[in-house]
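Visitor: There's a structure below that I have some questions on.
The values are calculated or read from the model by the stated rules, or taken from the named source; none is laboratory data. The model shown is predicted, which means the values in this text are computed figures rather than measured ones. Counting neighbours? That spans all protein chains shown, and the Cβs are built from the backbone with ideal geometry, glycine included. Remember, those area values only see protein heavy atoms, side chains included, never the ligands or the DNA or RNA. Shrake-Rupley method; radii C 1.70, N 1.55, O 1.52, S 1.80 Å.
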Amino acid sequence: MSAAIDELMDFDDVIEAYDPVMGMEVHVELGTETKMFCGCPTTFGGEPNTQVCPACLALPGALPVANAQAVESAVRIGLALNCSIRESSVFARKNYFYPDQPKNYQISQYDEPTSYDGYLDVELADGTTWRVEIERAHMEEDTGKSLHIGGSTGRIHGASHSLLDYNRAGVPLVEIVTRPIEGAGARAPEIARAYVTALRDLLKSLNVSDVRMDQGSLRCDANLSLKPKGATEFGTRTETKNVNSLKSVETAVRFEMQRQAALLAAGDEIVLETRHFHESDGTTSAGRPKESAEDYRYFPEPDLPPVIADPSWVEKLRETLPELPWIRRARIQQEWGVSDEVMRDLVNVGAVDLITETAEAGASPAAARSWWVSFLAQQANSRDVELADLSITPAQVAEVIGLVDEGKLTNKLAQQVVVAVLDGEGEPAQIVADRGLEVVRDDSALQSAVDDALAANPDIAEKIRGGKVQAAGKIVGDVMKATRGQADPARVKELVIEACQ
C-alpha cells in the first residue's frame, strides 16, 4: 500500500533510517540601478510593464550589453565566499519555455562561471561551525512575474487566466550553488537555515543587495534527497522552489525529509521534480518535472563577449571587502562586554546588526538591545515574521528611545508608538503628535489628577501620611490610568508624597 502524499514519518525515525543530502541554490537580486543587459530601472513595485525596453523584451534587433556594476558585485560576492575568480568567463543561453521570460531563453552562465570552488563557514545555534562548500556563483538575469487569476491558491492550477509583468525580467542575479551537503543528520534543517542566514548577512555587509526575502530579492531553492543508512549513492532529489523566509527554509527541509521517508518506507519512488512551499501550513506540493542540464541545451551567448576579470582588478576589489559579519560580531561582543551565550542568542534571533545600527543612530547599546530582544522580538513572534523583516528601521527605534530618554514618552507610550510604526501609521514623531501621546508635564494638570486619586482612596492617603511611602504606588497607578499613561510616573510619585505631607 502506497503512502499518502501528505503522510509523514516521525523525524527521529527518519534520522534512524536515512541520511539526508542537501543542496542549496540561492538567487540574489543585485542592487544595481539598471538591469543586467539593458538600461531599464530595477525599482521594486513599479506599475506592471513600465520598466521594459526592446532589449529586455527581446524585440528583434535589440542586443544585450552587460552591466559593469553587476559584474563587479558578482566578483565581490565570489571573493567573500572564498571562491576562485575565473579570468575569462562566458555567458550562455539556457533554453526553456517559460511565459515569464520574453526571450524564451535565459542569459546565464554554465560551464565557465565567474566564481567557483569556495566555502562559507556557518555558525550553528550551539556555537559549533559547519563548513558549506560552494560549487559556483554565477551571473544571470531574472525572469518576469506571472499573476494567476482565479482559483483559490494563486497558482496556475485552477486559474482562469494569467497576467504577465516583465518589470523583473532582466534584473541582475547571482546564483550561489552549494556542493552536496552530507553528514548533517538531524541537524540538516538547522544547517539549511543557518547557511541562508549567514549568506544573507554576508551579502548585506557587501552592500550588493537589500536581501529582502519578502520581496524576492533573496530566494532559496532547497534540494533534498535521502539515502538509506550505509548507502553510497544519492537518492532522487526534489527541489523546493523560492522559499522566502529563513524559518521556511528550515521547515521545508524538515518536511521534505519526513515526506520522502514515508514514501520510501512504503516502497514508493521519489519523483525528480520541483515543489512549491506553502507558508500557511509548512508543507510542499508537486510542481513540475525537474529538467537536467541537457534539457536546457546550453550554448555560448553569441551577442556577449567574455567577461574578463584581470587579476590586478580582482585584487583591488578584494581590498574593498568590508569587515565580515562574524568578525564584526566578535569585535562588537567585546565592545558590549556580553558573554558567548548572550551573543549567540542575539545572533540566533538576528538582532546583532539591528542593535548595532540602532546604536549607530544614537541609542545606547543597552537600550537598543533591550528593545530588540524584548518588545520587538515579541512583536515579530506575534506577527509571524523574522525580526529583521519587521516594518520598522533601526533609526526609527533609536528615535523612539531618544524620546524616552528626553522624558517625552514613557516606556508604555513608546510601545504604543512602535506598534503604530509597525502598522504603517508613519514616523514616530508624527505619531506622537497625531495621537497626543507626549508625556504630560503640566504640574497643575498632574496635581488635579493626584488630588482626585487621593480623594477616591482616603485609606491609601492615610497610609502615605503615616510614612508608608510604598503605598503611593496605588495612587500613581490611578493617575497613570486617568492620564492614559501620559504622566511621568516619577513626577506623579513626587506630587503624591508632597500632597500627603
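Visitor: Taking R0 as 41 Å, what FRET efficiency do you get between Val338 and Ile156 from their Cβ-Cβ distance, rounded to the nearest 0.05?
Guide: It comes out at approximately 0.25.
Visitor: Explain nothing, just compute: Karplus ³J(HN,Hα) = 6.51 cos²θ - 1.76 cosθ + 1.60, θ = phi - 60°, for every residue of region 265-270 in order, whole Hz, x for Gly and Pro.
Guide: Here the 3J(HN,Hα) series is 5, 8, x, 8, 9, 7 Hz.
Visitor: Taking the structure as given and computing Rg and Dmax of the Cα atoms in Å, which label from (i) 28.2, 94; (ii) 25.2, 107; (iii) 24.1, 74 fits?
Guide: Among (i) 28.2, 94; (ii) 25.2, 107; (iii) 24.1, 74, the one calculated here is (i).
Visitor: Still on this model: Once amide H atoms are built 1.01 Å from N in the peptide plane, which residues 5 or more positions from Gly170, or in another chain, come under 5 Å H to H?
Guide: Long-range HN contacts for Gly170: Asp142, Thr143.
Visitor: How much length would be gained if the chain were fully extended between Glu425 and Ala231, taking 0.36 nm per residue of separation minus their Cα-Cα distance, in nm to one decimal?
Guide: That works out to 64.1 nm of additional length.
Visitor: Sticking with this structure for a sec: List the residues whose amide H sits under 5 Å from the amide H of Asn49, counting only those 5 or more places along or on another chain, with H placed 1.01 Å from N in the peptide plane.
Guide: Placed amide hydrogens put Tyr166, Asn167 under 5 Å from Asn49.
Visitor: Could you calculate the contour length gain from Gln470 to Arg212, that is, 0.36 nm times the residue separation minus the distance between their Cα atoms, to one decimal place in nm? Spell out each step's value before the answer.
Guide: Details: separation 258, 0.36 × 258 = 92.88 nm, distance 5.01 nm.
This chain segment gains 87.9 nm when fully extended.
Visitor: Right, another one. Using θ = phi - 60° and the Karplus form 6.51 cos²θ - 1.76 cosθ + 1.60, what ³J(HN,Hα) does each residue of region 382-398 get, whole Hz, x for Gly and Pro?
Guide: My calculation for region 382-398 gives 5, 8, 6, 10, 5, 4, 5, 8, 4, 7, 9, 9, x, 5, 5, 4, 4 Hz in order.
Visitor: Is the shape of region 63-155 rounded, prolate or oblate, going by the alpha carbon gyration tensor and its root eigenvalues a ≥ b ≥ c, with a/c under 1.5 for rounded and a/b larger than b/c for prolate?
Guide: Oblate shape, in that a/c is at least 1.5 and b/c is the bigger or equal ratio.
Visitor: Whole-Hz ³J(HN,Hα) for each residue in region 231-245, computed from phi via Karplus 6.51 cos²θ - 1.76 cosθ + 1.60 with θ = phi - 60°, x for glycine and proline: what do you get?
Guide: Here the 3J(HN,Hα) series is 6, 10, 7, 5, x, 6, 9, 10, 10, 7, 8, 6, 6, 10, 7 Hz.
Visitor: Carbon and sulfur atoms: what percent of the 1.4 Å accessible area of the chain do they account for?
Guide: Working: 12030 of 23830 Å².
Carbon plus sulfur share of accessible area: 51 percent.
Visitor: Can you tell me the accessible area per residue over the chain, all protein chains present, probe 1.4 angstrom, in square angstrom?
Guide: Working: 23830 Å² over 501 residues.
Here the per-residue accessible area is 48 Å².
Visitor: Relative to the present Cα-Cα distance, how much length would full extension add between Ser280 and Asn348 at 0.36 nm per residue of separation?
Guide: Taking 0.36 nm per residue and subtracting the Cα distance, the gain is 22.2 nm.
Visitor: Quick one: putting +1 on the C-beta of Lys and Arg, -1 on the C-beta of Asp and Glu, what dipole do you get for the chain around its Cα centre, in Debye to the nearest 20?
Guide: Dipole magnitude for the chain comes out near 400 debye.
Visitor: Report the calculated FRET efficiency for Asn82 and Ala125 (r = Cβ-Cβ distance, R0 = 22 Å), to the nearest 0.05. Before the final figure, lay out each step's value.
Guide: Working: r = 23 Å, r/R0 = 1.06.
With R0 = 22 Å, the Cβ-Cβ based efficiency is 0.40.
Visitor: Here is a follow-up. Among Arg259, Arg369, what's the order by accessible area (1.4 angstrom probe), most exposed first?
Guide: Arg369, Arg259
Visitor: Grab the DSSP H runs of the chain that are 4 residues or longer, score each as -39,500 (n - 2.57), total them, divide by all residues and round the 222 nm result to the nearest 500 deg cm²/dmol. Show your work: numbers first, answer last.
Guide: Numbers: 17 runs with 192 residues, N = 501.
Only helices count here, giving -11500 deg cm²/dmol.
Visitor: Label Asn457 and Glu323 with points 7 Å out from Cα along Cα→Cβ: what is the distance between them in nm?
Guide: It works out to 4.9 nm between the two label points.
Visitor: Could you tell me the center-to-center distance, by alpha carbons, between region 211-271 and region 351-418 in angstrom?
Guide: 35
Visitor: Right, another one. Compare the peptides 468-474, 313-319, 87-93, 19-25 by average per-residue count of other Cβ atoms within 10 angstrom and give them in order, highest first.
Guide: Ranking, from highest mean packing down: 19-25, 87-93, 468-474, 313-319.
Visitor: Another question, if that's okay. How big is the antiparallel share of DSSP beta bridges in region 233-311, given as a percent to the nearest 5?
Guide: Numbers: 5 of 9 bridges.
Rounded to the nearest five, the antiparallel share is 55 percent.
Visitor: While we're looking at this one, here's another question. Taking the Cβ-Cβ separation of Leu63 and Leu163 as r and a Förster radius of 25 Å, what is the calculated FRET efficiency to the nearest 0.05? Let's see the in-between values first.
Guide: On the way: r = 28 Å, r/R0 = 1.13.
Taking R0 as 25 Å, the efficiency between Leu63 and Leu163 is 0.35.
Visitor: Still on this structure, I have one more. With a ≥ b ≥ c taken as the square roots of the eigenvalues of the C-alpha gyration tensor of region 17-174, please select rounded if a/c is under 1.5 and otherwise prolate if a/b is larger than b/c or oblate if it is not?
Guide: oblate
Visitor: A follow-up question, please. For Thr393, project a label point 7 Å along Cα to C-beta. Then give me every residue of region 181-206 with its amide nitrogen under 19 Å of that point.
Guide: 204-206
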